[in-house]
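Visitor: Before we start, here is the structure in question, set down as structure tokens.
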Amino acid sequence: MAFKRVSATVFIQNDQVVKSYAYSKFYPFGNLHTTLCILDRWLVDEIVILDISRQRSISRYVLDQISSTSISTPLIYGGGISSIDHVDQLISLGCDRIILEDALFSNHNLIHQAANKYGPQAIIGSLPFSYSPKSPTSLIFPDYLHNQYPNLSVQQLLDNCQSLPISELLISDFLHEGYSGNFDLKIAKFIFEKSNFLKGVLFFGGISAHIANTLLDYGNTAAILLGNPNYENELLIPTFKSLLLNNFLIRPSSSFPH
């Protein structure tokens, strides 16, 4: 069994770190440089930076913040990546991997270009969806995705991701994002028990330690991502790891220097 990661998610909106709730409410928190330095000192297996400004470009300010930060924790970046030049920029600045969302549906050429140049292991797809509160058996997307791809089902999107040269897929329970303990475990059951998706999965959105233990029991769960709680509890991830029962964590809590 592959080692599993517990990672920190940092949301960026208009060049500022924000706390996000259900991808609809945002509260400023601070600057990226300071946030990265703090997380680097904690037992974080990787830091996932997601720019949710919904721009088709990468902020020069964000790039400068990443460039000025000397940290050892692996960096993953997603948001605004629309060309191979963007991928080149991020890799050259020290990002280990990139996350692509829109390209999964509208720019397969970019995915193939990036995979050919840096290998599929450097590419993570992103698919946010939740079960509808109005119909507990219906899966829904955020409005920005549903409006673009109204005729695609979640199963079709997962099949699409399975066929592309990506190494893993980030699944976000977008309705419960920001609300710890509310991640809908039916999402994992759907992916692992009802779909044909076989690649590694990163889960995000309302995950508590209890929920993480259940998710980590699935063989294809590659990582658990934590967002807002990192800003609310100092040394959250070392404490969080101490509550996990899985023996395959890449860095267990016992490795944290006290």
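The values are calculated or read from the model by the stated rules, or taken from the named source; none is laboratory data. Predicted model, so just to flag it, every value in this text is computed and none were measured. Cβ coordinates were reconstructed from backbone atoms using ideal geometry, including for glycine residues, and neighbour counts include every protein chain displayed.
Visitor: Collect the residues in segment 50-103 that are among the hydrophobic types (A, V, I, L, M, F, W, C) and touching a Cys at 6+ places or on another chain (Cβ under 6 Å), keeping them in residue-number order.
Guide: Result: LEU75, single match.
Visitor: Here is a check on your reading of the model: is ILE81 in a strand (DSSP E or B), touching a strand residue (DSSP E or B) at 6+ places or on another chain (Cβ under 8 Å) and of a type in the set (A, V, I, L, M, F, W, C)?
Guide: The answer is no for ILE81.
Visitor: Sort out which residues of segment 66-75 are small (Gly, Ala, Ser) and assigned to a loop (DSSP other than H, G, I, E, B), and write them in order of number.
Guide: The answer is SER68, SER70, SER72.
Visitor: While we're looking at this one, here's another question. Can you tell me which condition ILE99 does not meet? The list is (1) on the phi > 0 side of the Ramachandran plot; (2) in contact (Cβ under 8 Å) with a residue 60 or more places away in the chain, and all the others hold.
Guide: (1)
Rundown of residues vs (1) farther than 22 Å from LYS199 by Cβ; (2) hydrophobic (A, V, I, L, M, F, W, C), yes/no style:
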{"residue": "THR69", "(1), (2)": "yes, no"}
{"residue": "ASN116", "(1), (2)": "no, no"}
{"residue": "GLY125", "(1), (2)": "no, no"}
{"residue": "LEU139", "(1), (2)": "no, yes"}
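Visitor: Give ILE76, ILE52, ILE58 a once-over and let me know the one that is within 25 Å of THR35 (Cβ to Cβ), under 18 Å from the mean Cα position of the chain (by Cα), modelled with pLDDT of 95 or more and of a type in the set (A, V, I, L, M).
Guide: ILE76
Visitor: May I pose another question? Look at ILE140 and say whether it is touching a residue at least 40 places away in the same chain (Cβ under 8 Å) and out of contact with any helix residue (DSSP H, G or I) (no Cβ under 6 Å at 6 or more places or on another chain).
Guide: Answer is no for this residue.
To keep it simple, each residue is scored yes or no on (1) modelled with pLDDT of 80 or more; (2) within 15 Å of LYS194 (Cα to Cα); (3) in a strand (DSSP E or B).
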| site | (1), (2), (3) |
| --- | --- |
| PRO133 | yes, no, no |
| ASN147 | no, no, no |
| LEU152 | no, no, no |
| GLN162 | yes, yes, no |
| PRO165 | yes, no, no |
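Visitor: Can you work out which of the residues in segment 190-210 that are modelled with pLDDT of 95 or more and outside any loop (DSSP other than H, G, I, E, B) is surrounded by the fewest Cβ atoms within 10 Å (Cβ to Cβ)?
Guide: Applying the filter and picking the extreme gives GLY200.
Visitor: Turning to a different aspect of this structure: Do we have any residue at all in segment 55-63 that's over 18 Å from VAL18 (Cα atoms), touching a residue at least 24 places away in the same chain (Cβ under 8 Å) and not aliphatic (A, V, I, L, M)?
Guide: Looking through segment 55-63, at least one residue is over 18 Å from VAL18 (Cα atoms), touching a residue at least 24 places away in the same chain (Cβ under 8 Å) and not aliphatic (A, V, I, L, M).
Visitor: Still on this structure, I have one more. Considering only residues of segment 1-34 that are in contact (Cβ under 8 Å) with a residue 40 or more places away in the chain and among the hydroxyl-bearing types (Ser, Thr, Tyr), which is surrounded by the fewest Cβ atoms within 10 Å (Cβ to Cβ)?
Guide: TYR21
Visitor: Another question, then. Restricting to segment 8-18, give me the number of residues that are of a type in the set (Gly, Ala, Ser) and out of contact with any Ser or Thr (no Cβ under 9 Å at 6 or more places or on another chain).
Guide: Counting residues in segment 8-18 that are of a type in the set (Gly, Ala, Ser) and out of contact with any Ser or Thr (no Cβ under 9 Å at 6 or more places or on another chain) gives 0.
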